[in-house]
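A short write-up of the structure that comes next.
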Amino acid sequence: MAMSCKDGKVALDNGKYVRYTPEQVEALERLYHECPKPSSIRRQQLIRECPILSNIEPKQIKVWFQNRRCREKQRKESSRLQAVNRKLTAMNKLLMEENDRLQKQVSQLVYENGYFRQHTQNTTLATKDTSCESAVTSGQHSLTTQHPPRDASPAGLLSIAEETLAEFLSKATGTAVEWVQMPGMKPGPDSIGIVAISHGSTGVAARACGLVGLEPTRVVEILKDRPSWFRECRAVDVLNVLPTANGGTIELLYMQLYAPTTLAPARDFWLLRYTSVLEDGSLVICERSLKNTQNGPSMPPVQHFVRAEMLPSGYLIRPCEGGGSIIHIVDHMNLEPWSVPEVLRPLYESSTVMAQKTTMAALRQLRQISHEVSQSNVTGWGRRPAALRALSQRLSRGFNEALNGFTDEGWSMIGNDGVDDVTILVNSSPDKLMRLNLSFNHGFPSVSNAVLCAKASMLLQNVPPAILLRFLREHRSEWADNNMDAYSAAAIKVGPCSLPGSRVGNYGGQVILPLAHTIEHEEFLEVIKLEGVAHSPEDTMMPREVFLLQLCSGMDENAVGTCAELIFAPIDASLADDAPLLPSGFRIIPLDSGKEASSPNRTLDLTSALDIGPTGNRASNDLTGNPGCMRSVMTIAFEFAFESHMQDHVASMARQYVRSIISSVQRVALALSPSNLSSHAGLRPPLGTPEAQTLARWICNSYRCYLGVELLKSGSEGNESILKALWHHSDALLCCTLKATPVFTFANQAGLDMLETTLVALQDISLEKIFDDHGRKMLCSEFPQIIQQGFTCLQSGICLSSMGRPVSYERVVAWKVLNEEENAHCICFMFMNWSFV
């Protein structure tokens, strides 16, 4: 059948157009938005339910929906290509500027090389000892020479500001710093931007260039509000503002940063910030630390903070043709690594860490807000994106507050029980209680009048933070006590929660419901419904259901230098902006981000995670290799609201609970260590399943039997090569059980990537959970055909990953997998040409 579509017309075989009335088109459009791909039964039902369509044949309705889907696909592709073209144009401009900068740097290096070569030739090799001593001494003098005090009067501050501007621009677009591409970052239309780190400079430095769909003035407004996008920023106080003759402003700032772990002190900065407009219309915000000044304001040292130094840094924002802005970001700091234990110094000496948590965080915030502006103002949960971002910010900020425990916020330490592995802090300040809404909740006075925090840090060896965090998220029952969560919910009087949305999955007694995620999917906000909370019938204070608001970030195993976080808090039904939140959770920070790490997907590999072969030996092409020693520091903080007279009891309970969590995490980390994966029982197939090589052979033989073609390319002979080829197959292959509620048992690398899970958590995912309503109905209708005929094909549709991300696929082929006795062992699904939406 030849067909095309224009407005309300559909062309059929006979060359005549079927014309629809505007009312019919409106009805069909309404039905399309409800169900874009109705089955034949559904199409007949539509005709019966909608009288205005009664004179249209089902075949014509089918053609209309086919053409409507085609137009929608073309529209989306056209929009995508236009957006990609705009990005490529801007990226090309940035790359040309970067090329010019590199050419200047090469010219400078060639000149310096020639100068030093001539100087070396003219210098005799026989150098007197006094000359050497003089050279060394002069070098020492140059290193220790102090600049004279700078004048901090308004005129002096303007001079410092102009000098800061010049130095910042030389770093952003010049050759003042030798920049190298950040590991793992590849420029392209879908990348966050061009990110580079310093090589051989003082302190740590990072630079980024990117395109954002916001006007320059809006970009300036967002970047100046540093606490809104930099999670480690505790406060920025503007102590003085001076206008300049050129229309700019000079601000004197005092900034405090949270410490990321209990093992290091927090940082603070005394800064000058200069905002101005360049001759070409570009906006500039540049900053630097103020030190060694006179005749002006100063900031004395603050208790519990280490004064760090910001070298000339800032933002260059240029308007972009066609709308939006091109932004250059430079962050350059000396974080005083001497003040932390030696094991933590890589965190304060790594430019990669600086790039991830500061430089790229600014770009992500700008891109996220730009994305929200272009999308619907209200999410599927009925909440505006800005409100959900505020909830994420409150979770992160509350966790940092508990982790740092500053005395000016009311925290005080109480004595330990003779072992200092867990630190206990208590806060009964009115300000803390008011921010938690503990004074009154739901119209009744709360019995809790204080908050306790139990925190600890531990060093982890040889386990990737992203994989460990994913396990903690998906296997909460392995480390958490649901009754402790119920206690926390009761203590702050959170009410029952009835929330909309689809379940992402049921993982060991918890149901995960997606709430929001950032456009790069590096951060997820979700609601956790805990199941199986135990309580006595007479205990009316304990909630029947417990819901947690959870923030999850850093699960990208390929990201270099990023920390992984899992932060959660009991919530009430309203999800209001001022809902009481008492955050607890984990933060895992890699300490060797600058070193070449082993393959991040090591635990996801069938050939390395499963014992294969009749004797239990792994294949000769073992993919685990020698992963080396990956180190990271995990920080744990749990908060509890309580009555003041119960302090000793709650402190003892919290201390023991955190110790039990530490023990569980150590056990899990040991099991997830690449060196122990092959012997970890939790990663082996369940009892009764075949060895990996045997299953791979069954899958391929059954595919050939039912579909008459080979699944793998020719040349894959032998059990080991079949398994390896199946594992690296480009399409997602997923095997599930033949049960009333099928659950997945095996997947290749593409399948694990599509579901965003691991072999550890794969068996917790049921088949029906990954499909939407339309997909589930289609699967139910086709399942008997798989059993009777042996195979079936499902057309394009949408499924969901374990993180709640929609995944589109062009086609699904499903077939029965037969064992040696030709009995059905499982069903294999092959998702072809899948991609994240």
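The values are calculated or read from the model by the stated rules, or taken from the named source; none is laboratory data. Just so it is clear, the model here is predicted, and its values are computed rather than measured. Virtual Cβ from ideal backbone geometry, glycine too; neighbours counted across all protein chains shown. Keep in mind that these areas ignore ligands, DNA and RNA; they rest on the heavy atoms of the full protein, side chains included. Shrake-Rupley method; radii C 1.70, N 1.55, O 1.52, S 1.80 Å.
How much net charge surrounds residue 458 when only the other residues with a Cβ under 14 Å from the Cβ of residue 458 are counted, with Lys and Arg +1 and Asp and Glu -1?
Net charge around residue 458: +3.
Could you tell me which of the pairs 357/455; 73/724; 73/816; 529/769; 529/816 are separated by over 26 angstrom between their Cα atoms in the structure shown?
Table pairs above 26 Å Cα-Cα are 73/724; 73/816; 529/816.
Using 1/(1 + (r/R0)^6) with R0 = 45 angstrom and r between the beta carbons of residue 163 and residue 743, what's the FRET efficiency to the nearest 0.05?
0.10
Normalized C-alpha radius of gyration of the stretch 35-105, against 2.2 N^0.38 Å?
For the stretch 35-105, the normalised Cα radius of gyration comes out at 2.14.
Efficiency by 1/(1 + (r/R0)^6): what FRET value for residue 336 and residue 99, r their Cβ-Cβ distance, R0 = 30 Å, to the nearest 0.05?
Efficiency for this residue pair is about 0.25.
As a test of reading the structure, rank 34, 215, 401 by solvent-accessible area (1.4 Å probe, protein chains only), most first.
Listed by decreasing accessible area, they come as 34, 215, 401.
Figure the gain on full extension for residue 249 and residue 321 (residue separation times 0.36 nm, minus the Cα-Cα span) and round it to one decimal in nm.
Length difference between fully extended and current span is 23.2 nm.
Subtracting the Cα-Cα distance from 0.36 nm times the residue separation, let me have the gained length for residue 705 to residue 237 in nm, one decimal.
My answer for the length gained is 161.3 nm.
Rg and Dmax of the stretch 154-376 over Cα atoms: what are they, in angstrom?
So, for the stretch 154-376, Rg and Dmax equal 17.1, 53 Å respectively.
Need one value: the accessible area of residue 727 in square angstrom, 1.4 angstrom probe, rounded to the nearest 10.
10
At R0 = 45 Å, how high is the FRET efficiency between residue 646 and residue 478 if r is their beta carbon distance? Nearest 0.05 is fine.
My answer for the efficiency is 0.95.
What is the Cα coordinate range of the stretch 288-372 on the first, second and third principal axes, sorted by size from largest, in whole angstrom?
The principal-axis extents, from largest down, are 48, 41, 20 Å.
Please list 306, 817 from largest to smallest accessible area, probe radius 1.4 Å, with all protein chains kept in place.
Ranking 306, 817 by accessible area, largest first, yields 306, 817.
Contact order normalised by length for the stretch 160-288, with contacts defined as Cα pairs under 8 Å and 6 or more residues apart; what percent is it?
Relative contact order for the stretch 160-288 comes out at 17 percent.
What net charge is computed for the residues neighbouring residue 240, neighbours being all others with C-beta under 15 Å from the C-beta of residue 240, Lys and Arg scored +1, Asp and Glu -1?
Charge balance in the 15 Å sphere: -2.
Ranked by accessible surface with a 1.4 Å probe, highest first, in what order do 581, 707 come?
707, 581
Could you state the per residue volume, in Å³, of the convex hull enclosing the Cα atoms of the stretch 690-836?
104
Quickly work out the residue 180-to-residue 371 label distance, labels modelled 7 Å from Cα along the C-beta direction, and quote it in nm with one decimal.
Going from the residue 371 label point to the residue 180 one covers 3.1 nm.
Starting from the Cα of residue 393, step 7 Å along the direction of its Cβ; do the same at residue 413; then give the gap between the two resulting points in nm.
3.2
Let me cross-check residue 745: its accessible surface, 1.4 Å probe, with only protein heavy atoms counted, in Å² to the nearest 10?
Here the accessible area works out near 20 Å².
Packing-wise, with mean Cβ within 10 Å as the measure, how do 345-353, 583-591 rank, highest first?
583-591, 345-353
On the accessible surface of the stretch 690-836, probed at 1.4 Å, how many percent belong to carbon and sulfur atoms?
That share works out to 48 percent.
With every protein chain left in place, what is the accessible area of residue 774 in Å² (1.4 Å probe, nearest 10)?
Taking all protein chains as shown, residue 774 has close to 60 Å².
Expected output is a single nm value to one decimal: the length gained when fully extending between residue 89 and residue 793, i.e. 0.36 nm times separation in residues minus the C-alpha distance. What is it?
249.3 nm
Within 10 Å, count the other beta carbons around each residue, average over each peptide in 44-50, 76-82, and list them highest first.
So the order, starting with the most tightly packed, is 44-50, 76-82.
Just to confirm a number: summing +1 for Lys and Arg and -1 for Asp and Glu over residues other than residue 35 whose beta-carbon lies under 10 angstrom from that of residue 35, what do you get?
+2
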